[in-house]
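K.L.:
Below is a structure I'd like to ask you about.
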Amino acid sequence: MIFNRLAVAAALCAAGSTAFIAPKNAGQVSFSHRVSSPLSAATLETAAVSCGRSLSRCPLGKCCHSFMSHGDTNNNDTLEPTSTRQTETEEVAKPEVMRPPIDYVWNDVAGQLKEAFGYSDAEIESYSNEVEGSKDNLMQIYKALQMARGFENACNQQYMQGKIRGFMHLDNGQESIPALVDYAIKNGDKKYSYYREHTHAIASGVDPGEVMAELFMKETGSCKGAGGSMHIFDKSAYFQGGWALVSEQLPYAGGAAKSILLDRALGISDDENYEKQDVAPPADDDRISVVFVGEGGAQNGRTAELLNSAAKDNLPLLLLVIDNGRAINTYTGDVATNGDVYQQGKHYGVPGLKVDGHDAADVAKGGKAVIDYIRSGKGPAILQVHTYRFNGHSPADPEHERGRKDEKAWARSDQDPIKKFEDKYTANGVFTEDELKAAKKEILAEVKAAVKFADESPMPPVELAKELEYPDAPDTDYNQRPAPTYADAVNKRTISDEQMATVTAHIDALREKAKAGDISIGDAINLAIHEEMLRDPATTIHAEDLQAGSSYDIPKLTQQTYGQIRAADEIIDEGHFIGKALGEGMNGYRPIVELMNTNFGIFGMAELSSAGNTYATTGGQFDMPMTIVGAGGTAPNQSLGAEHSQPFHAYVMGIPGLKICTAASPDAAYGITKSMIRDNGPCFLFAPVKMMKEAKGVLDLDVCAPLNKAALLHEASADSVANGNAVTVLTYLHGVKEAQLVTEEITDEGFDIDLIELRSLKPLDMDTIRTSLERTNKVVILDESTQSGGVGATVSARINEELFDLLDAPVKRLCMDDAPVPYASTMEVGVVKRGSDLVQAVFEI
Ligand SMILES: Cc1ncc(C[n+]2csc(CCOP(=O)(O)OP(=O)(O)O)c2C)c(N)n1
């Protein structure tokens, strides 16, 4: 007896069996399908009949759905109840495809809209009528489908001709998604896509010529040729990527969604230059943030974090899951148990809808209903679109996807959303074939024009790369930056008199301490943050344990003053909240991220590196104001253990676009924090973990410090220079204290040092180093990082490359061993260099 999979599923469903497991070879192309079941073939057939409906037509029946989830995403070629595996086998028919279609009809979608989203029958009907009853809307969908297909086909041709290079991911077969975007997503909505985003960009209103020119690496491209296929951005269309690390875009979209709430709460909005102005968003502001993710990418933990954050803050956010069942060569079901991502929101109270990408009209109807749910302020939602991708992952990737050839061939003939649309709407007489042909012709002419535009455009000049390094030049004087004109007005309407009185008293007390020379590094940063948050209400702050002031009082009193919307307590994943800060930074806000200990930023490496890349990758369209601040470096004799003593400042040195400073005194910390908050790029301030509360000093109040200058803390005497007994000492973080503690010991012996604090690790202040070396001709680096890949290694290399003629001796590095910092103080001295090592080195050199 022959069964098909659906009948088997229905049978098992009717028999109440839902416990299936994915066999080891799930997903492999095996045309010898077996079923192991305690049920006889006859029972199965009977059960299928008694279930009364084909699985693909089952609207929301739980057991059917649970099977669909397994059968679909795990691609179980063998269906085995756990308990009876390998007890009884029967040959079943070869399925036509490995990944079965879902073949939803509108009723399947309507049922979900009713159950999960609370829509009434009448409302659901109106969503249907809006599409089915409007020739214009249907034509809009059709043209969007054709544009997506035509554009990607042109890309493929141009790639084969060598005009497009690198990684390029095509979207053929998944055109229902750009059609939905074209139909239901508005210009002001924030759009965050991934590397397979050409069609999403165009459907969002990005000019196809500019997208094609970007792929052709031309200056007229959407990002001036700096981004490429995987990095399409367009400020005017609010198309905000184009991100190439799978799933990284998820928290960014969360931050963008939060920026919509911030606009509303503060009563500010974008002017025609996308700068914030003192004009509240309109009363009917219904913007949302949309994040596109593959079903493979959706398995990343960022999804859970985003759902949590979106639910907690009731963010206007759509998680749009493009479920083609494949992640490069891998069947997602082979690696993931929850292929039905649309159900993942249940834990957070976030509803989800699954639609069949084969039917573009149904995707548009169902998708619009979900989008309107979010627009109405009810909160975030998930839309999962079941699709087939007609091409391989990327032409640059090997085409050894298991079973893909067969699946692609089948899907092209059986699951093509364009064919389905044409068949359906010519058969029911809505369109004539000629009407559709004319529309297609019009679109293909647009695509042709896009290729011509790209082809004829110039390449970007070589200098552009350097120009795009930082949005603000390294020598920017931040004291000259005007404050937003709306600051007082916004403060007045968002901070109560009582809150203002409290924070003013707090600020006054800190300023008194500062004048008395009694302020700590932590308090100095806290003071700078309050002054800047009052000066510019677009400044926000994110931290763990924020309400309590985190570990060193850096965010103290921020939430109590500016509210949760601007001062957010965060879950314990630095990647999540650095990512949200990035999304805010792209949308006119100036986020500060406080890291209790900068080592925890290790969790945010992806987000940090993308923050560094953004300005350049977007061709200078998007500034990325973001200040990351925290305690770091070593803490000799404090036994913090290895993981709290890592040189994270060295880990991030290679991130382009990131300005990195250190501050070993309250004054430096204060002035640098103020400047970083005003800078339009990402900046990272490291303060010495052991000195956060201990170091006290006077502040140069109201003054912003440069972000590209080292500080000469002690100058070697003229005598020592004349006698050749002067040495330049370069150090930072706790090394500053170590050096200061031994300076007298060094001078007592007739030697002296130019003690230079490297306050800017990147860019490095080579001028100050040069001036000192012109006097001393010798240099020791007391380094707070490891021998391999450390800051000292970079500084030493640059001195050798640029100032070699000034050296009388090789550069001497005193760096941490390439070993984890041990807990026991007896061992720690062997790994972390201190003042005594410096004394020795000065004498030796
Ligand atoms: C962090 C990261 N890891 C791995 C990759 C390589 N990679 C690119 S796409 C991809 C599969 C993603 O599949 P899915 O999310 O389902 O999206 P699809 O490509 O099918 O649209 C992988 C592993 C990457 N770009 N980023």
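K.L.:
When the Karplus curve 6.51 cos²θ - 1.76 cosθ + 1.60 is applied with θ = phi - 60°, which whole-Hz ³J(HN,Hα) does each residue of the stretch 325-335 get, with x for Gly and Pro?
P.N.:
Couplings: x, 10, 10, 6, 9, 8, 6, 4, x, 5, 10 Hz.
K.L.:
Which far-off residues, 5 or more places away or on another chain, put their amide H under 5 Å from the one on C815, with H placed in the peptide plane?
P.N.:
Amide H to amide H, under 5 Å and 5 or more residues apart or across chains, C815 pairs with D783.
K.L.:
Please give the calculated 222 nm ellipticity per residue for the chain, where each DSSP H segment of at least 4 residues contributes -39500 (n - 2.57) and the sum is spread over every residue; nearest 500 deg cm²/dmol?
P.N.:
Mean residue ellipticity, 222 nm, calculated: -12500 deg cm²/dmol.
K.L.:
Separate question: Picking from I799, L464, A524, whose Cα lies most toward the positive end of the charge dipole for the chain (charges on Cβ: Lys, Arg +1; Asp, Glu -1)?
P.N.:
Ranked along the dipole, the leading option is L464.
K.L.:
OK, next. Can you sort C155, C815 by how many other beta carbons sit within 10 Å, fewest first? List each step's numbers first, then the result.
P.N.:
Values: C155 27, C815 23.
Listed from fewest to most nearby Cβ atoms, that is C815, C155.
K.L.:
Right, here's the next one. Cβ neighbours within 10 Å, averaged per peptide: list 822-834, 369-381, 219-231 in order, most packed at the top. Don't skip to the end; give the middle numbers.
P.N.:
Numbers: 822-834: 15.8, 369-381: 20.6, 219-231: 23.0.
Ranking, from highest mean packing down: 219-231, 369-381, 822-834.
K.L.:
Shifting gears a bit: Let me have the relative contact order for the chain, percent, based on Cα pairs under 8 Å that are six or more residues apart. Show your work: numbers first, answer last.
P.N.:
Numbers: 1858 pairs, mean separation 86.6, N = 845.
10 percent.
K.L.:
Can you tell me which of 638-646, 424-432 comes out highest on packing, and rank the rest after it, using the mean Cβ neighbours within 10 Å?
P.N.:
638-646, 424-432
K.L.:
Here's a follow-up. May I ask you to evaluate 6.51 cos²θ - 1.76 cosθ + 1.60, the Karplus curve with θ = phi - 60°, for each residue of the stretch 557-571 and list the ³J(HN,Hα) values in order in whole Hz, giving x for glycine and proline?
P.N.:
After applying 6.51 cos²θ - 1.76 cosθ + 1.60, I find 6, 6, 5, 5, 9, 9, x, 5, 5, 9, 10, 9, 6, 10, 5 Hz.
K.L.:
Relative to the first principal axis of the alpha-carbon coordinates of the chain, what is the inclination of helix 360-375, with its axis defined by its Cα atoms, in degrees from 0 to 90 and to the nearest 10?
P.N.:
Around 50 degrees separate the two axes.
K.L.:
Quick check: the angle from helix 135-160's long axis to the longest principal axis of the chain, C-alpha only, nearest 10 degrees?
P.N.:
Roughly 60 degrees, rounded to the nearest 10.
K.L.:
From the phi angles alone, apply the Karplus equation (6.51, -1.76, 1.60; θ = phi - 60°) to the stretch 664-671 and give each ³J(HN,Hα) in whole Hz, x where the residue is Gly or Pro.
P.N.:
For the stretch 664-671, the Karplus-derived couplings read 9, 9, x, 5, 5, 4, 5, x Hz, x marking Gly and Pro.
K.L.:
Would you pull out the residues with amide H under 5 Å of E219's amide H, same chain only if 5 or more places away, H placed 1.01 Å from N?
P.N.:
It is M459, by chain and number.
K.L.:
May I ask what percent, to the nearest 5, of DSSP beta bridges between residues of the chain are antiparallel?
P.N.:
Just about 25 percent of them are antiparallel.
K.L.:
Under a point spin-label approximation (7 Å from Cα along Cα-to-Cβ), what is the D818-D406 distance to one decimal in nm?
P.N.:
Taking the simple label geometry, D818 and D406 are separated by 5.0 nm.
K.L.:
Still on this structure, I have one more. What does the extension gain come out to for D284 and Q560, with contour length at 0.36 nm per residue minus their alpha carbon separation?
P.N.:
Full extension from D284 to Q560 adds 96.4 nm.
K.L.:
Follow-up question, since we're still on this one. Between the helical axis of 404-414 and the dominant principal axis of the chain, each derived from Cα atoms, what acute angle in degrees is found, rounded to the nearest 10?
P.N.:
Approximately 50 degrees, to the nearest 10.
K.L.:
Taking the Cα centre of the stretch 712-844 as origin, sum charge times position over the Cβ atoms of Lys and Arg (+1) and Asp and Glu (-1), and report the length of that vector in debye to the nearest 20.
P.N.:
Charge dipole of the stretch 712-844: 360 debye, to the nearest 20.
K.L.:
Return E498, E248 ranked ascending by Cβ neighbour count within 10 Å, so the fewest neighbours appear first. Don't jump to the answer; show the numbers that get you there.
P.N.:
On the way: E498 8, E248 22.
The order, fewest Cβ neighbours first, is E498, E248.
K.L.:
Per Stokes-Einstein, at 25 °C and 0.890 mPa s, what whole-number D in µm² s⁻¹ belongs to the stretch 544-651, with the Kirkwood radius over Cα pairs as the hydrodynamic radius?
P.N.:
The Stokes-Einstein estimate is 167 µm²/s.
K.L.:
Figure the gain on full extension for M605 and A396 (residue separation times 0.36 nm, minus the Cα-Cα span) and round it to one decimal in nm.
P.N.:
Numbers: separation 209, 0.36 × 209 = 75.24 nm, distance 2.63 nm.
Gain on stretching M605 to A396: 72.6 nm.
K.L.:
What is the calculated FRET efficiency for A445 to D414, with r their C-beta to C-beta distance and R₀ = 35 Å, to the nearest 0.05?
P.N.:
E(calc), rounded to 0.05, equals 0.75.
K.L.:
If you don't mind, another one. Give the peptides 707-715, 548-556 in descending order of average Cβ contacts within 10 Å, highest first. Present the calculation step by step, with values, prior to reporting the outcome.
P.N.:
Working: 707-715: 19.7, 548-556: 21.8.
Ranking, from highest mean packing down: 548-556, 707-715.
K.L.:
Give me the extension gain from A489 to D434: residue separation times 0.36 nm, minus the current Cα-Cα distance, reported in nm with one decimal.
P.N.:
Computed gain between A489 and D434 is 13.9 nm.
K.L.:
Ok, one more. Taking 7 Å along the Cα-to-C-beta vector as the label spot, tell me the A501-A465 distance in nanometres, rounded to one decimal.
P.N.:
6.0
K.L.:
Continuing with the same structure: Can you put I164, I382 in order, fewest other beta carbons within 10 Å first?
P.N.:
Values: I164 22, I382 28.
With the fewest neighbours first, I164, I382 line up as I164, I382.
K.L.:
Label-point separation (nm) for E275 and D477, each offset 7 Å from Cα along Cα-to-Cβ?
P.N.:
Label-label distance for E275 and D477, simple model: 2.0 nm.
K.L.:
If you place +1 on the Cβ of every Lys and Arg and -1 on the Cβ of every Asp and Glu, how big does the dipole about the Cα centre of the chain come out, in debye to the nearest 20?
P.N.:
1980
Each reported figure results from applying straightforward, stated rules to the coordinates on display, with no laboratory input. Only a predicted model underlies this, so the values are computations on that prediction, with no experimental measurement involved. Note that we place each Cβ from the backbone using ideal geometry, even for glycine, and neighbour counts take in every protein chain shown.
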